[in-house]
Structures are given as structure tokens and as C-alpha cells.
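A quick write-up on the structure given underneath.
Please treat every number below as a calculation from the coordinates, not as lab data. All values derive from a computational prediction rather than experimental measurement. Glycine gets a Cβ as well: all are built from the backbone with ideal geometry, and neighbour counts include every protein chain shown.
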2 protein chains.
Amino acid sequence: MGTYYRTFSSKSSNKKSLTIDTLNPGIKILEYAVRGPIAIRASEIEKELQKGIKKPFNEVIKAHIGDCHAMGQTPITFIRQVLAVVSWPKLLDNPEIPSDVKFRAVEILRSCAGYSIGSYPCPLGVDVIRNHVVCYIEKRDGHPCNLDDVVLHAGAKDGIQAVLDLFDADVDGKRPGIMCSIPQYPLYSAIFSKQNMTMIKYYLNEDKNWSLEIPELERAIEDAKKTCYPRAIVVINPGNPTGQVLTRENIEAVIKFAYENNLFILADEVYQHNIYDKNCKFFSFKKVLMEMGEPYNKVELASIMSTSKGYMGECGMRGGYSEVINLDPDVKAMFFKSLYALYTPSVLGQACLDAIVNPPELGEPSYELFSKEKEAVLQSLAIRAKMVTDTFNNLEGISCNPVQGAMYAFPKINLPPKAIEKARSLGQSPDVFYTRQLLEETGISVVPGSGFGQKPGTNHFRTTTLPLPEKLTEMLQRFKEFHESFMAKYK
Amino acid sequence: MGTYYRTFSSKSSNKKSLTIDTLNPGIKILEYAVRGPIAIRASEIEKELQKGIKKPFNEVIKAHIGDCHAMGQTPITFIRQVLAVVSWPKLLDNPEIPSDVKFRAVEILRSCAGYSIGSYPCPLGVDVIRNHVVCYIEKRDGHPCNLDDVVLHAGAKDGIQAVLDLFDADVDGKRPGIMCSIPQYPLYSAIFSKQNMTMIKYYLNEDKNWSLEIPELERAIEDAKKTCYPRAIVVINPGNPTGQVLTRENIEAVIKFAYENNLFILADEVYQHNIYDKNCKFFSFKKVLMEMGEPYNKVELASIMSTSKGYMGECGMRGGYSEVINLDPDVKAMFFKSLYALYTPSVLGQACLDAIVNPPELGEPSYELFSKEKEAVLQSLAIRAKMVTDTFNNLEGISCNPVQGAMYAFPKINLPPKAIEKARSLGQSPDVFYTRQLLEETGISVVPGSGFGQKPGTNHFRTTTLPLPEKLTEMLQRFKEFHESFMAKYK
């Protein structure tokens, strides 16, 4: 390709430095289905509807992305008031704004150089906000947390990227291998593609509610050792796209496995507030690891959190943190150096995080409204999670594990052979064919399972559980009609 | 190293996945002097002062980083009001907030899904804000700008990283080479280190006011071709750390050079509002390239802009854009795909950018205050730029080119041989020795020239011109005393 390029470019009058042949090959191969062809087509259809083009539906329902506010969820007043005051401190004089909001805003401003959120934050995060994260983690887990282990990020993405960057190195002449569940959240595969790191796929057991089983981890790592050097394991809990919540025992087993195989654990815990099943509880990897004692409490761990999910759903703010423990001190210095050089998280994103980790306490003026708004969101999400799975499980050819947490369902569709044949004849994988038909006929956009990974020969899709109840009812009705007619057509 | 690691780790009870030997080598070698040892020491000294430790000064003056608000610059009211209203739209009812602020806030909210800045923006940027950037560029240059060429970023950093990521590829078996001025802004060298890309250094001519000379570009590229494949050229205009403003003729010559050598131009134009010399004018690379006509108007170009500099100095907001023109359409699709997968700029950072590219017009209620605040900052910056260079040029052993633009001076210090000897005996480079002494004795933190690159055998430092006039006067007085005593000591 290189030679082709040079010959071509030296003769061409439109020579380019960047051609498809000279582009970063990692960028070429990376895929991100959550914003992939289906999402793009959904936006096109929206524009077609606006132009008056007739469709069998009046509105696109975007169930392909975990974008709470876009689906009508209302922002939490307390969070937004804090943001408004730190942006324009003159609001400290506004009697409409509660005193606890003002107190928090002043605390943040005092921790910003020049009393302005426009000054550069320390790239590890604004001091007082990092301290509030420390308290939040301690309260959540009942274990100490070191300020020095907490770093703020512009959303979970930057935290995940910064941690994975550390592993971009050959060991024993082999590229690094990072274990990652299948199905997975495709940010991981995109980063692995970009950086030519090997994704070591371990399959979750769909038949046992997407359980994470140790023999499968062992199979995956043994296979992988032939071609890469396993360095870390990514666990998403609560699961995305799968919605399961790991038990404490399961987490213990993963920590043991990581210890035995000398793996760093990257715990993606951004859905820690989103637990709907009364029999489930969120345990952080940090808590379990601490309580396991020696030698497991020395395993390297990064726990990632975000402002984008939970009850707040503040995706546009780009706030988040990582707690990174048990790093070799020299490595930690290098990690910090890389953050100093390459990252500066938005101060407003951090202020949003502050409002989440340091919410109003009982007795403070914002407490009542805050609690009411928070509970309303979480209760409604729990109801919707059940609505979605109940509908799917009542349809022929669909089975769906319960949505115990997070905000997605990942049902399996048993497509008739004729549908699979039809998909193949169109050069599409069956899940892509199904979801495209769904979108074109109903306006519902979901992501084909292949975007997250699925066992060969199976077909799934991911839908969020986010449309508000009335919209969700309508969506599930449209879905039911589509599915029944699809199944009848290809029977 | 790999073998050592395995032997070590299998025997150790404290085995780590990440050790200094198995860490990304790019992270290991990268340096970022702007937040390097001097900056860290400055913060330590600040804490020592707070603890009551006696120093020959009462306060650290942080002149090592272009952090306007930290140095006491006041935020622009209009910008902050827009941010407050989009954060908490209930402020639309507040009679204290001018109608043009409200109009802009509503425009932004309408362009956000669910009327909330908490929803995910399109990763290319919120539609209406991208459109305002288009108008801003067209007004600035007098040439058309395509919406499809404008992408919003979380600060200049993310834009630079996203563009440079495209080049991370071997061509003809050679690593990519990116031409970059010396002195340079060390974000560039940090990214090159991290990604093992070659920095092709071209030296600016200090004797001719840091001019960018084509024979030097030719020398640099010819030398580099032996070891890498030159792909792009970075030009920072106005200059950081050097403060010069390129002439139109100079820009034309660079564009010709880029065309002839098939190079992509990355124009770092974040200081486009910071022009102080009445004989200088900012010309964007885009404008000059358009006016040169065929074939030069087909050169690939990315122009980067930020909310952090100019009169606004909103570093903490992380807002910015890039205009990327003449990309091969296939490459552009891949660029967009990489943004979709890996980047999501903060909506509030974008809202801040919106207020800058779409400021109040004559006749609007915010116009007068906005103009007054903006002009006050720019006029004061011009005065301070002159104060700094005048002081330096009146000192023995220091020479400093005029600060025509940006917000830094990069004076040369002709250190006496005894000082150089002393530095060597301490294992420090002479510029580091000088700036460390300066910090310990006066509390003034500046960055040694080696952090940006300088001709071998010369010594410089970078200082911002940002301390407010009274503080700057004090700083320059402290500096003068230090320098004179230093020179006397090592005469």
C-alpha cells in the first residue's frame, strides 16, 4: 500500500497527505455500533419525517443510546442550580436559590484558582471535588479511600482511555491482551482497535442470566496466551448491554482469577445507582477486594464512574472519576504525568459530579426536592425495565433475561431460517437485517447484537429502557406488531 | 525487560500487571514542562507558605501557565450568563438577565435533544453551535466555510489529538514525521512521544523575531526523510511560547512548502484574538490558502481554536473547534467515525464557545458591557506585553523579542560560564538551574526554555504576561533584583 501511495501521489495533482491507505489502520477498523449505521439512519429518517415524507409512523424512537434527557427525563434541580451558580456567581444573591446550593457553589469556587471555574483545574481534578468523591466512596463501601487514588475525568470515556493507555506496550514481544466480556460496551473494542491491543473475549452465560463464569475466563485466557500477553480484565457491573448485577461471590471469584493471572481489573461501575431488582445489590470491586484481605486486596484496580447514568443522566456534562488502587508507585507517577500532559477535565463536568457525590443531606433545604426527583427517576426506571422484559418474553421467538440494573435489555431473537436466508441474500447479518427492518417499519432504533458481540449463531439487539412510560408503551406495541408480522412473513 | 518482568513477577508476592518495565513506553518518555517539575515545586512552595514557613517572599506568582482567570482576569459577563441559563433554564424568567442572553440560551437548548444540555450532543458538536462557528469563520475570513468541515472539541487538546491520531501509521515502513517549530508548545511533543511519532524540528529564527524561514523547513525535512515519512506540519500562530505573529507572506510560503512536500497543515490558531502590535494582523491559514487559489487551496488543513485564550480565557470550560478542509472524503468519514467513537465534547464547553463565536451585536442589550469588558482585557494584555519585554530588554544578559501576540515572552538569557558550570555540577541544565533559583528566591514560577526546545547552547525561559498590572510590576521588580544578583554572583 505504501508503494502504491507514493506512485499515486507523485503523479496526482490532487495529492493528499492522508489517504485511506496512509490513515491510522486502527481508526480504519474501529467500530462503534451505538453511534453506527442504525443510529445514523435513525437521524436521517427523522429528517425525512420533518420534510413531510410519509412513513408508517410519526416519530423515531431512539432506543439505541443510553441518553436519558434526550428521552424526556427531567434534570435534577439541585445539580442544575449548582452549575448555574458556579457559572455566574452573581446568583449567590438570588433568594430563589437554596442555601445548600450556594454553600456547595462557594466551596467549588474557593477551590478554583482566581475563584473562577474558567481557570485551569489541576488535571487530577479540583481539590474539593476530589475530596467529596473520597467521602462518597468511603460512605458507599465502608472502607478508607485515599485522595491520591482518585482522579476526575471528562466522562467515563477519558478515564477508560487514560487507564488503557498505560497498557499499550509489548511484553515478551507480544501485544497486550485485555479481557473483555461478550457482549461488551463497544467503546472498549474501539480503543483496542485504535491501539492494536488484543481483546480477549470471554462470553457471559446467557442461559444463567448473563453470569460471569470462571471456567470461561480460564478458557479465554489460555487461548489468548498463544497470541498476546494478558494484562487486564474489564468487567462492566451492572452490565451493559446485558443488565445483570453481579453477586458478591461472583466478584470475589473474578478478583481471585485476576490475582492468580496477574491481571489489572478495570471495573466499569457507571451504573452503580441503577439497581432495580430487590434481590440484587451493588457491590463495588473495591469493597469486595478490601474485604477479601491479603493477598487479594493488593490487586490493581481502576473503578470508573460517570455523571451520565444513574438517576442524573447528565451525559452532556462529561463528568466522571476513577479510583485507581494498588498501582506501583512509579507507574502511578507516570499515570499522573500522562494526565497532566494530555487531559484536562471540564470544571463544570466536575461541578456536576460534585453535586452527585455530595448531595443534599437530610435537614438541608434542597433535600426534599432532591430525594423526590431522584426516587421518581429510579422508580420509574425500575417499572420500565420490567415492562420491557415482560413484553419481550411474551413474544414468540424472543427471550430476554431480567433487567436487574443499568438501562438496557439485550433480548435474543430466534430468527426463522427464511429470515436468515433473506438477510444473507442482502449481504447483511441477520441481526442487522432485523433491526433495520424494525427501524424502517416502526421508527424504533435499537442496536444489533453484533455491535456488542454475541455467541456465533445467535442474534440479539440492545434496546434502552429509557423512553418515558407512555412512549415506552407505544414503542412496545409497535414492536410487538412488527415482530409478529416479521415472524409470520418468514415462517 | 520482558523476561526480567516475568521472572520477577512469578516469584514476587506483590506481583503487578503494570510495572515501569511493562508500561507504555510512550507514557514513560513523554514530558510536559508547562505542568512539570517547576510547576509542581511552585505548588509545594505555596503550601509551605500557607503552613507559615518563612520565605523571602509572601506569595508565589504563577507565570508558568497561560491561565488568565487564575491570575485575576474577570470572566466576561455575557458568556457566564449564557452558561447559567442553559444550566438552569428557570433563569429564563429572571428579569436581571438580558434578552440577548436568553435568546442564545434558548437557541442552544432547542438544539439539544430533550431541550437539555444533559443529553448527548452529536459528537461533532451541537448543530446550532457548529453553525455559529461557520458564521464566525466566514465573517473573519471573508470566505465560505462548510458546516461539514467544522467539528467541536473539548478544548484545543482534543482537537489536536484527534487530528494527529489520523497520522499514526507507517508509510513505506517508516513512522510518520510531523514538522513542529522549536520552540514549540509541549503538548505536541507529548503526543508524539506517546504515539512514537517523529517530531521533525524546525527552528524559528530568534534573531529575526522568531521568523519561520523556508530554507530551515527544507533543511529539516531533508534531514528527516532518512528516518521517518514526513506527513504534516504544525504552525502555532500567534506563537507560543514566542509571541510572534506571522505575516501573510510568511503564511503563503509555508502553504507553498506544504503543497510541494505533500504535507497536511495543522494551524494552531488559538491566540487569534491576542494581537497587540499595531503593525501586525492575524491571518488565518484558511484565508490565505483560499486567496492563493489553485493548486494551493487544495492543501489539507486543520485550524484549531479554543475558548481558553483570547479575551475570554475560559480554560476550565474545555471548549474549542477545528475547521478541517480538503480531506479526502474517505478519510473524512473515518475522522468522523473516530470522533463518534472516542470523543464527546462537553455541551457547556460548547455553549461557552457559542457565546464567543456569536457575541452580542451592536444594538443588543449586552453589547455595551460585553465590548467594554472585552476591550479592557485586550488593552491591558497589550500594555502588559510591553511592560514585560521592556523590563527584560533593559537587563544585562537578557534579550527578548517583542510580544506581538499570544500571552507569553520567551527571553534569551546569556548566562555567565560560572553559572553554567554551577548548573552542570548540580546535574541540571543551565536554564533549569536559573528558573529553579528564580522560583526559590522570588516565588516567580516560569518554565525553562528546554521545556519548549531551544537551539543547543542557548538558554531561555517562558513567562506569561498575565499577572495583572500591579502584580506584574511587583513580579518584574522581584525578577530584576534576582537577575542582577544572580549575574553578579556568577560573574
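For the set B:LYS422/B:LYS471; B:LYS278/B:LYS309; A:LYS54/B:LYS332; A:LYS16/B:LYS28; A:LYS15/B:LYS157, the pairs lying more than 23 angstrom apart at their alpha carbons are B:LYS422/B:LYS471; A:LYS54/B:LYS332; A:LYS16/B:LYS28; A:LYS15/B:LYS157. Mean partner shielding of peptide B:28-34, defined as the number of other chain Cβ atoms within 10 Å of each residue Cβ, is 4.
Need one number: the % of Cα-Cα pairs in chain B sitting beyond the 29 Å mark. For chain B, the share of Cα pairs beyond 29 Å comes to 54 percent. Percent antiparallel among DSSP beta bridges with both residues in chain A, to the nearest 5? About 50 percent, rounded to the nearest 5. Look at the stretch A:163-174: the mean tally of other chain Cβ atoms within 10 Å of its residues' Cβ atoms is 5. Taking the charge dipole of the range B:300-378 about its Cα centre, with +1 at Lys and Arg Cβ atoms and -1 at Asp and Glu Cβ atoms, the residue from B:ALA302, B:ILE356, B:SER338 reaching farthest to the positive side is B:SER338.
Taking a Cβ cut-off of under 12 Å around A:LYS90, the surrounding Lys, Arg, Asp and Glu residues balance to a net charge of 0, with basic ones at +1 and acidic ones at -1. Going toward the positive end of the dipole of the range A:123-355, with +1 on Lys and Arg Cβ and -1 on Asp and Glu Cβ, which of A:VAL234, A:ILE255, A:ILE325 do you reach last? Farthest along the dipole direction, towards plus: A:VAL234.
The alpha carbon centroids of the range B:344-378 and the range B:248-277 are separated by 26 Å.
Put a plus charge on the Cβ of each Lys and Arg, a minus charge on the Cβ of each Asp and Glu, and nothing anywhere else: the dipole of the protein assembly as shown about its Cα centre is then about 1320 debye. Tally the DSSP beta bridges in the protein assembly as shown and give the antiparallel ones as a percent, rounded to 5. Just about 50 percent of them are antiparallel. Each Lys and Arg contributes +1 and each Asp and Glu -1, all at the Cβ; summed about the Cα centre of the range B:120-357, the dipole is approximately 380 debye. What you get for chain B, charging only the Cβ of Lys and Arg (+1) and of Asp and Glu (-1), is a dipole of about 1840 debye around the Cα centre.
So what is the orientation-averaged projected area of the protein assembly as shown, using the convex hull of its C-alpha atoms, in nm²?
40.2 nm²
Peptide A:323-331 shows a mean partner chain C-beta count of 4 within 10 Å per residue C-beta. Taking a Cβ cut-off of under 12 Å around A:GLY142, the surrounding Lys, Arg, Asp and Glu residues balance to a net charge of +1, with basic ones at +1 and acidic ones at -1.
Within the range B:120-357, all pairs of alpha-carbon atoms sorted by distance into 5 Å bins from zero give the percentages 1, 6, 15, 19, 21, 18, 12, 6, 2, 0. Label-point separation (nm) for A:ASP93 and B:LEU369, each offset 7 Å from Cα along Cα-to-Cβ? If labels sit at A:ASP93 and B:LEU369, their model points lie 1.0 nm apart. With K and R counted +1 and D and E -1, the other residues having a Cβ less than 9 Å from that of A:TYR229 yield a net charge of +2.
Rounded to 0.05, the FRET efficiency of the A:ARG140 and A:LYS471 pair, given R0 = 30 Å and the Cβ-Cβ distance, is 0.40. Considering only DSSP beta bridges whose two residues both sit in the range B:120-357, what percent are antiparallel, to the nearest 5? Close to 40 percent.
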